[in-house]
1. Residues that are of a type outside the set (Ser, Thr, Tyr) and over 18 Å from the mean Cα position of the chain (by Cα): does segment 356-363 have at least one?
2. State whether the residues of segment 116-130 include one that is over 14 Å from the mean Cα position of the chain (by Cα), more than 24 Å from Thr63 (Cα to Cα) and open to solvent by less than 10 Å² (accessible area, probe 1.4 Å).
3. If only one of Asn319, Asn396, Asn369, Asn287 is modelled with pLDDT under 90, within 20 Å of the chain's Cα centre (by Cα) and polar (S, T, N, Q), which one is it?
4. Inside segment 265-285, can you point out the residues that are of a type in the set (Asp, Glu) and open to solvent by 40 Å² or more (accessible area, probe 1.4 Å)?
5. Please state which of the following conditions Lys241 fails to meet, knowing it meets all the rest: (1) modelled with pLDDT under 85; (2) charged (D, E, K, R); (3) open to solvent by 50 Å² or more (accessible area, probe 1.4 Å).
6. Name the residues in segment 461-514 that are among the hydroxyl-bearing types (Ser, Thr, Tyr) and part of a helix (DSSP H, G or I), would you?
7. Need the failing condition index for Leu442 against (1) farther than 19 Å from Ser137 by Cβ; (2) open to solvent by 50 Å² or more (accessible area, probe 1.4 Å), just the number.
Amino acid sequence: MLNDNPTPTISSIVPSASDEHGIELNSTRTNSKNDGFACLNVEKRGIERISPEDRTDPTIINTAMIWVSANLIVPCFAGGTLGPAVFKLNLYDSFATIIFFNLLGIIPVAVMACFGPASGLRTMIFSRYSWGYYGASITSTINVIASIGWAALNSITGAQTLRVVFNDSLPMAASIIIIAIITMVVSFIGYKWIHMYERYSWIPVFIGYCILAKVGAKYFTNSGMVSHNTTISSNSNHRLKISRILSFGATCFGTSASWCTCSADYNTYFPEDTSQLKIFLFTYIGNLFSMIPIQLLGAAVYTGTYTSEKWNREYEINNVGGLLGASLSSLGGFGKFLLILFALSTVACNIPNIYSLSLSAQVIAPIFNRIPRFLYTIIGTILYILLAIVGANKFNDSLTSLMSVSSYWFAIFMVIVFEDHLLFRHCSFKNYNFEIWNNYQLLPISLAAILSGIVGIVGIILGMSQTWFNGPIAKAIARDTDAQGADVGFQLGFIFTAVTFPLFRLIELYFVQR
């Protein structure tokens, strides 16, 4: 007999709580007037599907606000600095790269967000319909690892900034722990409180960055960025520039597209008939008008290290935190206050990271679903604290590698989900049976997704360019230049996977018929 009803979990038998909009935050409706969790509207639901009658959240604007707060942070600012700092692009080339690749990278995030209201499923659970039951366990494991990595890097940038406030007297470890604890508390409480925090937390941070742009503008420059070797031919210089743009573009795409593996998680309580166009536009606009401006500002502020010895010195000591401190030093105590705002803004990014980590962990295997979501929040926090403390001394290398490698993984993940929806479900949610979300006997067997993913990895290896490895195609593009390689791992991984998945899926459907 098919088992459509999974073993009850700890999170599925606790009392329920509803917010002021009637959003059912638990998986049952047990009365619990004296429950302290209910007073806080703590979400105890895990990965269980949210039924249509429980999807009553009318505040669709939240689907934009959560991304505005999550992107107006120091790590995204730091991502913009990589253009001139690491890839040696001038300011205008950095600007063009940031705009173009982010415009592309936000698209999959906005599309994936549309799946939440229609299905009532979290992103990793929804991926079972394309990746299969066991394939989704693989994607969930990778997503947990990626979430921990991003949370660690986010905490490092926040901690660097916080240390500057206290003139380096506050230990890096203590700074990281402060940010992590605040993140854990909000992530622990869940869906409603995440949306409430993200709805307003961006406002003072946005004002602070406007002040930073005004104060630092006189130091920005497009000159003095790169002095090419005059012995290199103009053709080689052209290839060098293309290599750097492609490599920086991969990091920009990796940053913006990184939310595609969790963007449906924050829309599952919207009504089933919510306009897909509205969800797409709100998500896209929320990312567009936060991610791109903050990265552009990061690239511009870094150029101040070429015109100010103080900015350069502080950047060498405390990286992005030192750069922010130097650029705001003329404001005295108010500048310190802004630095605190910037440091704590990291919390707004780590909250969705850790919340989605806890959901992804429950998808890995049935036994993991028996552990309450909030315990994964605690475990994930401990892990990324340790990782952040270890990786703090090599921030730029760590940030560049994670952003690029993330883009590789997102390319494979999203092309399989989207091709299945487009080619095999004909872009209609009526072609899904959302009642079988937890039934491995009725979901795809995962073979097509896994095989095409392996082929995609081959493409990634051929085109990737990292400090620790350069693929043959990456080397060929950058030959006769002083660049280590042109990072086209994302593009090749995307193409290889996109070409093979439909073929493997057709074969899978022919022989297995599910």
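The values are calculated or read from the model by the stated rules, or taken from the named source; none is laboratory data. It should be emphasised that the depicted structure is a prediction, and the values quoted were computed from it without experimental measurement. Note that each Cβ is placed from the backbone with ideal geometry, even for glycine, and that neighbours are counted across all protein chains shown. Ligands, DNA and RNA are stripped out before the accessible areas are found, and what is left, the full protein with its side chains, is counted by its heavy atoms. Shrake-Rupley method; radii C 1.70, N 1.55, O 1.52, S 1.80 Å.
1. Kept after step one, since they are of a type outside the set (Ser, Thr, Tyr), are these residues of segment 356-363: 357, 359, 361-363.
Going one step further and asking which of them are over 18 Å from the mean Cα position of the chain (by Cα), we end up with 362-363.
Yes, there is a match, as at least one residue in segment 356-363 is of a type outside the set (Ser, Thr, Tyr) and over 18 Å from the mean Cα position of the chain (by Cα).
2. yes
3. Numbers: Asn319 fails: within 20 Å of the chain's Cα centre (by Cα); Asn369 fails: within 20 Å of the chain's Cα centre (by Cα); Asn287 fails: modelled with pLDDT under 90.
From the options Asn319, Asn396, Asn369, Asn287, the qualifying one is Asn396.
4. Initial filter on segment 265-285 (of a type in the set (Asp, Glu)): 265, 272-273.
Within segment 265-285, Glu272, Asp273 qualify.
5. That leaves (1) as the condition not met.
6. Initially, segment 461-514 is screened for residues among the hydroxyl-bearing types (Ser, Thr, Tyr), giving 465, 467, 481, 497, 500, 510.
Thr497, Thr500, Tyr510, listed by residue number.
7. Here Leu442 meets the rest and fails (1).
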